[in-house]
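Step one of this worksheet: look at the structure below.
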Amino acid sequence: IMSTLRFKALETLPFKDFRKDNSVEIPAKLSELFCKNVFSEETMREYLTKEAFGSIMDAIKKGTKIQRHIADQVAVAMKDWAMSKGVTHYTHWFQPLTGTTAEKHDSFFTPIEGGRAIERFSGNMLIQQEPDASSFPNGGIRNTFEARGYTAWDPTSPAFIMGTTLCIPSIFISYTGETLDYKAPLLRALNAVDEAATNVMQYFDKNVTKVTPTLGWEQEYFLVDSALYQSRPDLVLTGKTLLGHSPAKGQQLDDHYFGSIPTRVMNFMKELEIECMKLGIPATTRHNEVAPNQFELAPMFEEVNVAVDHN
């Protein structure tokens with residue numbers, strides 16, 4: 001059956017002139033696209049009052065609390081900016097213990113009296129949400145019929161737009177405060193590293209007040225034609241290769257490493273880099289990896305929390 005499916009897939013593959021039909025145009029300056037879909041520091045300067053901008057920057061750099069009236073101003077600014085880009089919904093985007101991300105989309109749409117409606121987004125909505133979290137991994141600390149999961153805004157990682165949704169990076173905790181995600185422990189670890197490293201650095205330089213860890217991740221990935229992918233139940237169901245030959249381990253395929261990038265792959269990479277730039281991901285490196293159809297994308301180093309969200 002597997003061989004028949006593969007032959008059928010090969011017969012139906014859309015063999016096109018990829019140089020012509022799938023070409024992707026990149027602007028002369030990628031920097032023009034950078035953070036286009038991110039509520040970045042530059043965007044905040046434009047949309048926030050001086051007081052609100054200063055408060056947010058203090059929260060990001062010093063960990064100070066954000067007052068409720070400031071949160072209201074930030075929420076309105078986020079909504080206005082997002083709606084100017086065609087956004088209709090928002091979500092607290094978080095990283096539960098499932099190994100992937102999670103999101104619940106809510107609309108800005110709010111009915112009011114007189115059979116009318118407006119778009120509304122308040123500080124309360126920005127700061128905290130209560131998704132139905134009963135089915136996320138929780139280590140047995142609560143009953144499955146008790147949702148009691150809360151997401152809380154992480155202002156140190158900028159909000160961004162995906163499609164028509166404003167994504168707000170958040171932590172995820174239980175009703176009693178237990179951590180139920182990967183972001184909250186990371187933020188605590190970064191705070192601990194900052195305190196310990198700053199104490200050490202002040203032995204040498206009393207002017208050092210903060211230490212910021214950085215991370216430069218890289219993504220290695222395989223590209224598989226959709227028709228061939230659909231013919232492999234192991235790839236579809238598990239995302240892994242469970243059938244076939246064992247991989248080469250002795251550098252037999254080193255001629256593919258850093259080799260010339262095929263046109264079809266290059267078109268994919270261009271499109272990927274354009275979307276990365278819009279989301280503020282500083283992707284700078286692309287190349288062939290060792291295995292057939294394996295490739296790599298690598299950005300510049302960033303602050304760890306932001307780098308993890310970008311990854």
The one condition LYS270 fails out of (1) over 28 Å from ALA189 (Cα atoms); (2) part of a helix (DSSP H, G or I); (3) in contact (Cβ under 8 Å) with a residue 60 or more places away in the chain; (4) open to solvent by less than 50 Å² (accessible area, probe 1.4 Å) is (4)
Of the residues in segment 228-259 that are of a type in the set (Ser, Thr, Tyr) and in contact (Cβ under 8 Å) with a residue 24 or more places away in the chain, the one that is farthest from ALA298 (Cα to Cα) is SER231
All-but-one check, LYS210 against (1) surrounded by 14 or more Cβ atoms within 10 Å (Cβ to Cβ); (2) touching a residue at least 60 places away in the same chain (Cβ under 8 Å); (3) not in a helix (DSSP H, G or I), failing number (1)
Flagged in segment 242-256 as open to solvent by less than 100 Å² (accessible area, probe 1.4 Å) and at pLDDT 85 or above, in numbering order, are none
Residue check, PHE7 at pLDDT below 95, part of a loop (DSSP other than H, G, I, E, B) and aromatic (Phe, Trp, Tyr) | no
Query - Check on GLU220, in contact with an Asp or Glu (Cβ under 6 Å, 6 or more places away or on another chain) and modelled with pLDDT of 90 or more - result: yes
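So that you can scan it fast, the table gives a plain yes or no per residue for (1) surrounded by 12 or more Cβ atoms within 10 Å (Cβ to Cβ); (2) modelled with pLDDT under 95; (3) among the charged types (D, E, K, R); (4) within 26 Å of ASP194 (Cβ to Cβ):
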| position | (1), (2), (3), (4) |
| --- | --- |
| LYS29 | no, yes, yes, no |
| PHE34 | yes, yes, no, no |
| ASN37 | yes, no, no, no |
| LYS61 | yes, yes, yes, yes |
| THR64 | yes, yes, no, yes |
Within segment 283-305, the residues that are surrounded by fewer than 18 Cβ atoms within 10 Å (Cβ to Cβ) and over 20 Å from HIS256 (Cα atoms) are THR284, MET300, PHE301, GLU303
If we ask which residues in segment 157-185 are surrounded by 17 or more Cβ atoms within 10 Å (Cβ to Cβ) and under 16 Å from the mean Cα position of the chain (by Cα), their number turns out to be 17
Within 30 Å of GLU195 (Cα to Cα) and part of a loop (DSSP other than H, G, I, E, B) - does that describe any residue in segment 238-246? no
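The values are calculated or read from the model by the stated rules, or taken from the named source; none is laboratory data. This structure is a prediction, so every number in the text was calculated from the model and none was measured. Heads up, the Cβs are rebuilt from the backbone with ideal geometry, glycines too, and the neighbour counts pull from every protein chain shown. The area values use the complete protein model at the heavy-atom level, side chains included, leaving out ligands, DNA and RNA. Shrake-Rupley method; radii C 1.70, N 1.55, O 1.52, S 1.80 Å.
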